[in-house]
């Protein structure tokens with residue numbers, strides 16, 4: 001299996017995005033694993049730029065939805081409208097019909113509108129007035145949340161959070177990176193001139209090839225040990241489900257592919273455990289009151305779980 005395209009995509013996106021190599025890698029991992037990404041971060045750190053850059057890099061369609069309390073499900077999925085000239089209804093597609101969808105500040109929409117994404121994220125299709133429409137392949141959602149503005153927001157329910165393969169943050173650049181941003185964008189916008197280095201069909205082929213990345217029995221045992229530990233910890237009310245196990249395996253396959261391997265290492269699983277599983281854990285109320293976070297708890301749990309030797 002030739003995964004050299006992964007390295008070309010990462011290198012290509014760096015022509016626009018300064019730094020954030022770990023975030024770019026995680027997003028590509030999710031894309032290969034046919035998952036979706038939730039970015040929780042403050043405005044202005046480059047979330048939209050990253051999404052646009054990935055779409056431009058493989059020639060895919062990009063659309064953005066600004067989620068607000070008055071946004072309706074039909075504003076996302078599309079709707080049927082009556083064509084007076086033809087005397088029939090025709091489907092007016094919504095912004096959901098795209099290769100990469102940026103769902104900006106998704107927690108500002110009412111739960112009904114948030115849930116309109118569920119079928120699309122899981123099934124790669126949308127249903128309007130009883131008729132099902134397939135979505136383009138690849139179909140990839142990058143959703144954002146603003147952690148500092150809580151008024152007028154609707155926290156994502158567990159069922160919605162579970163649809164995201166990875167949750168992470170972009171973070172502020174350091175001084176060197178910020179100086180590079182100023183220099184790069186001073187006279188031109190490099191995104192406008194960025195040519196594609198792949199096609200949507202090649203991305204779909206890479207997604208199919210990712211499924212052939214080997215997961216040895218010791219690595220699979222390690223995955224189930226981690227997920228099982230989340231279900232039995234005294235501080236956890238609800239641990240990760242079997243969907244979490246599958247998500248961690250698929251993400252590990254994606255990371256192996258991004259790093260040019262056709263087999264998964266235990267270190268791949270360990271590296272991805274927090275971004276893949278932390279948002280799936282529901283802590284007990286007393287732990288949340290004490291200020292405990294799923295990320296901190298999962299980090300301590302990982303230190304107690306033996307890491308198997310390299311997969312053969």
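Which order results if 232, 12 are arranged by neighbouring Cβ count within 10 Å, fewest first?
Arranged by neighbour count, lowest to highest, 232, 12 become 232, 12.
For the residue pair residue 183 and residue 83, what label-to-label distance in nm results when each label sits 7 Å from Cα along the Cα-to-beta-carbon direction?
In this crude spin-label approximation the distance works out to 5.4 nm.
Taking 0.36 nm per intervening residue step and subtracting the Cα-Cα distance, what contour gain separates residue 262 from residue 146 on full extension?
38.1 nm is the gain from fully extending residue 262 to residue 146.
Given the peptides 90-97, 20-27, arrange them by the average over their residues of other C-beta atoms within 10 Å, most packed first.
Highest-to-lowest ranking by the protection proxy: 20-27, 90-97.
So which residue, out of 73, 43, 138, gets the largest mean-square fluctuation from a GNM of the chain using Cα contacts under 10 Å as springs?
Of 73, 43, 138, the Gaussian network model singles out 43 as fluctuating most.
Along the Cα→Cβ direction, 7 angstrom out, place labels at residue 284 and residue 214. What is the inter-label distance in nm?
Using points 7 Å along Cα→Cβ, the separation is 4.3 nm.
Under 8 Å for C-alpha pairs, at least 6 residues apart: give me the relative contact order for the chain, rounded to a whole percent.
For the chain, the relative contact order is 23 percent.
With labels modelled as points extended 7 Å from the Cα through the Cβ direction, what inter-label distance (nm, one decimal) is found for residue 295 paired with residue 224?
3.1 nm
In segment 41-167, what is the volume of the convex hull around the alpha carbon atoms, normalised per residue and reported in Å³?
Output value, Cα hull per residue: 122 Å³.
Over the alpha-carbon set of segment 98-167, work out the extent along each principal axis and list the three values in angstrom, largest first.
Largest to smallest, the principal-axis extents are 37, 24, 18 Å.
Ratio to report: Rg/Rh of segment 213-304, with Cα atoms as the point set and Rh obtained by the Kirkwood method; give two decimals.
Result for segment 213-304 is an Rg/Rh of 1.01.
Return the single residue from 130, 228, 205 with maximal mean-square fluctuation; model: Gaussian network over the chain, springs between Cα atoms under 10 Å.
Answer for the Gaussian network model of the chain: 130.
Where both partners of a DSSP beta bridge lie in the chain, what percent of those bridges are antiparallel, to the nearest 5?
Close to 40 percent.
Starting from one equal scatterer on each C-alpha and no solvent at all, send me the Debye-based log10 I(q)/I(0) for the chain at q = 0.06, 0.08 Å⁻¹, two decimals.
One equal scatterer on each Cα of the chain leads to -0.21, -0.38.
Relative contact order of segment 243-298: what whole-number percent is it, with Cα pairs under 8 angstrom and at least 6 residues apart?
Worked out over segment 243-298, it gives 33 percent.
Which of these, 268, 189, 129, has the largest mean-square fluctuation under a Gaussian network model of the chain (Cα springs below 10 Å)?
For the chain, modelled as a Gaussian network with Cα springs under 10 Å, the answer is 129.
With viscosity set to 0.692 mPa s at 37 °C, what whole-number translational diffusion coefficient in µm²/s follows for segment 1-76 from Stokes-Einstein and a Kirkwood radius over Cα pairs?
235 µm²/s
Here, each number is a calculation from the coordinates, and none is a lab measurement. Since we're looking at a predicted model, the values are computed, not measured. Neighbour counts run over all protein chains shown; Cβ positions are idealised from the backbone, glycine included.
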